[in-house]
Every structure is written in C-alpha cells, then in structure tokens.
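Before any comments, here is the structure.
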C-alpha cells in the first residue's frame with residue numbers, strides 16, 4: 001500500500017487528483033484533520049509520512065512548503081514555481097530519452113504547465129532534429145477551456161449573471177509575460193521565448209496549442225509529412241502521445257475532444273511553405289492532473305497509465 005498526500009486537494013487540479021486516488025485500492029490517501037488543513041506543522045508531518053506528496057498550491061505556498069520539507073520527501077509540484085529551478089526534474093517523461101529515469105530517481109519533480117506541454121512536445125523533437133534552429137523566433141497560440149483559470153475563473157464563467165462578453169473567446173496575457181514562457185523556452189531548447197497568444201473560450205476543459213512555422217524559419221526544407229515522421233519516430237511507443245496521420249475529414253481541429261482524457265493528439269498540417277503544428281489535449285489532463293498522476297505512477301513503480309483515461 002502506497003501513501004500519498006495531496007497538499008491543496010481542494011483546488012481544481014487537486015480535486016481531480018484526489019478523486020482518482022480515492023478509487024485506487026493500492027493507495028492510501030493521507031488527509032489532515034479538517035481544522036489542521038492549513039497547519040504547516042500538520043502538513044509537513046504528512047509529507048514526511050507519505051511515499052509521494054503532490055503540491056497543488058499557489059507558487060509562493062509551494063515554494064515555502066518545499067523549502068521546509070525533508071530532502072528525502074518525494075514531491076510533485078503542480079505550480080509553476082519550480083519548473084525551471086535547479087535541483088528539480090521536469091515532469092515530462094516524453095521530453096527526452098532518459099527523462100523517465102530522471103523522474104523515477106528524483107525527490108523533486110516539477111509538473112509541466114498546460115500551455116507549455118503542447119508547445120514543448122511539438123517543438124523539442126524538431127529542435128533536436130535540426131529542423132528548428134535554437135535561435136528561431138516562433139509564434140504560437142492556444143485555445144483553452146476556462147477551468148485552466150482555477151476556481152475564480154470557473155465561478156466567473158458559470159455565474160448565471162455573468163457578462164455577455166464571456167460568450168465569446170478572450171485573448172489574454174497581452175503583455176507577453178505568461179508564466180509558462182520560461183519552461184517553454186528551456187525545455188524546448190530555444191534561446192528566445194515565442195510570441196504567445198493564449199485564448200480562453202466558453203467551454204470547461206480541453207485545449208489546442210498551435211505553432212505556426214514558415215519555411216524561411218527552418219534550418220532545412222521539410223514537408224508536413226517530414227515533420228509528421230519526425231514526431232512519429234520520437235513518440236513511437238509513448239502511451240499518451242498519438243501522432244495523427246492527416247487532419248480530420250471535416251477540416252476542423254476542435255479544442256475539447258480529449259476533455260477528461262490524459263492523452264494528447266499531435267497534428268501537422270499546411271504546405272511546404274507554411275506549416276501548422278497542433279497539439280490537442282485536456283488542460284486538466286495531460287496539462288495538469290493527468291500529468292501529475294503519470295509522474296506519480298512512475299515514482300511508485302506502477303503501470304504508467306494506471307487509472308488514466310486515454
């Protein structure tokens with residue numbers, strides 16, 4: 001029986017993780033007494049007792065508890081605080097060969113951000129293959145469900161008296177300072193942050209990240225089929241990543257077909273002059289809770305996809 005503690009289990013990400021763990025017969029979910037839920041001492045005691053603890057906290061709170069936790073305590077941090085920090089392993093098993101071993105042998109794992117996950121898994125193989133140069137200046141946009149904004153955004157969108165403007169998609173992070181940009185740069189192997197435009201829509205969960213490439217940006221001439229082959233080779237055998245051959249017959253890529261799933265679909269479209277790379281997944285699945293559970297399974301030596309919907 002494995003012991004797991006979810007610190008911050010009442011948030012959007014934490015709730016989904018806790019719901020899954022409650023149904024696992026081989027996992028004991030540790031919980032503080034209700035009156036001690038915010039007690040640092042009580043939480044540290046559970047962290048010390050757990051085989052793995054998952055931090056589902058704001059950035060500052062994650063930093064504070066991680067600094068106080070014993071070095072031997074195994075932590076998965078779902079906040080953005082430690083994703084580019086020294087001493088923390090990036091919790092994306094598909095990132096590079098050997099990343100799973102790094103995760104398995106670490107006590108500090110930083111769970112990837114939702115927007116970053118699609119961008120990195122699309123771009124990193126092309127950087128490694130010498131198709132995209134490290135100095136490339138890229139652009140991308142991502143359409144996401146409103147649950148990615150946490151409880152406050154969910155409440156705003158689900159309010160019966162919400163403003164009419166919420167019926168339409170909304171672009172945000174207009175100052176080009178989105179908190180996922182540092183990991184998007186570091187983990188994709190780029191030297192410069194992409195010009196990134198996230199868009200939130202009036203649906204609960206799901207997302208599609210799109211990276212736009214012009215042939216003039218690339219280090220060598222490639223076709224959509226060439227890109228698809230690079231991605232297919234890189235992710236061959238990956239249980240959660242599916243490189244789709246072609247595009248849907250109706251010519252549309254929707255944001256929410258994988259809502260509730262921990263998987264990801266990768267598409268390549270366009271032509272020899274202008275290419276579109278697209279990743280479709282759930283912002284609460286492969287973009288958050290599903291990724292944390294995948295990392296938990298690796299750390300505990302369980303089947304990597306145990307309990308995950310693919």
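Rule-based calculations on the coordinates, nothing more; no lab input. What you are looking at is a predicted structure, and each value in this text was computed from that prediction instead of being measured. Methodologically, a virtual Cβ is constructed for each residue, glycine included, from the backbone with ideal geometry; neighbour enumeration extends over all protein chains shown.
Along the Cα→Cβ direction, 7 angstrom out, place labels at residue 247 and residue 216. What is the inter-label distance in nm?
With each label point 7 Å from Cα toward Cβ, the separation is 2.2 nm.
Would you look at the GNM of the chain, springs on alpha carbons closer than 10 Å, and say which of 193, 291, 61 moves the most?
Maximum fluctuation in the GNM of the chain, among the listed residues, is at 61.
On C-alpha positions alone, give me the angle between the axis of helix 40-49 and the longest principal axis of the chain, in degrees, nearest 10.
Helix 40-49 sits roughly 80 degrees off the main axis of the chain.
At 37 °C and 0.692 mPa s, what whole-number value in µm²/s does Stokes-Einstein give for the translational diffusion of the stretch 114-283, with Rh from the Kirkwood sum over Cα pairs?
198 µm²/s
Evaluate the relative contact order of the stretch 114-283 (contact order divided by residue number), counting alpha-carbon pairs under 8 angstrom at least 6 apart; express in whole percent.
It rounds to 31 percent for the stretch 114-283.
Across all directions of projection, what mean area in square nanometres is found for the Cα convex hull of the chain?
Convex hull of Cα atoms, orientation-averaged projection: 16.6 nm².
If contacts are Cα pairs under 8 angstrom and at least 6 residues apart, what is the relative contact order of the chain in percent?
Reported as a whole number, the value is 18 percent.
For the chain, with a Gaussian network of springs between Cα atoms less than 10 Å apart, report the residue from 96, 144, 78 with the top mean-square fluctuation.
96
Run the quick spin-label model on residue 60 and residue 179: label points 7 Å from Cα toward the beta carbon, then report their separation in nm to one decimal.
Going from the residue 60 label point to the residue 179 one covers 1.2 nm.
Pick from 225, 159, 77 the residue whose mean-square fluctuation is largest in a GNM of the chain, springs joining Cα atoms under 10 Å.
Highest fluctuation among the options: 159.
Please give the FRET efficiency for residue 96 paired with residue 160, using the beta carbon to beta carbon distance and R0 = 51 Å, rounded to the nearest 0.05.
In this case the efficiency is close to 0.60.
At a 10 angstrom cut-off on C-beta neighbours, averaged per residue, how do the peptides 183-192, 234-243, 121-130 rank from highest to lowest?
Per-residue mean Cβ counts within 10 Å order the peptides as 121-130, 183-192, 234-243.
Just to be sure I understand: of the beta bridges DSSP finds with both ends in the stretch 114-283, what percent are antiparallel, rounded to 5?
Antiparallel bridges: around 70 percent, rounded to the nearest 5.
Would you mind calculating the gained length between residue 168 and residue 238 on full extension (0.36 nm times residue separation, minus the Cα-Cα distance), in nm to one decimal?
Going from the current span to full extension adds 21.6 nm.
How much length would be gained if the chain were fully extended between residue 3 and residue 22, taking 0.36 nm per residue of separation minus their Cα-Cα distance, in nm to one decimal?
Full extension of this stretch gives 5.7 nm more.
Calculate, in nm to one decimal, what residue 71 and residue 186 gain on full extension: separation in residues at 0.36 nm each, minus their alpha carbon distance.
38.9 nm
Quick one: angle between helix 12-22 and the longest Cα principal axis of the chain, in degrees between 0 and 90, rounded to 10, please.
The angle comes out at about 60 degrees.
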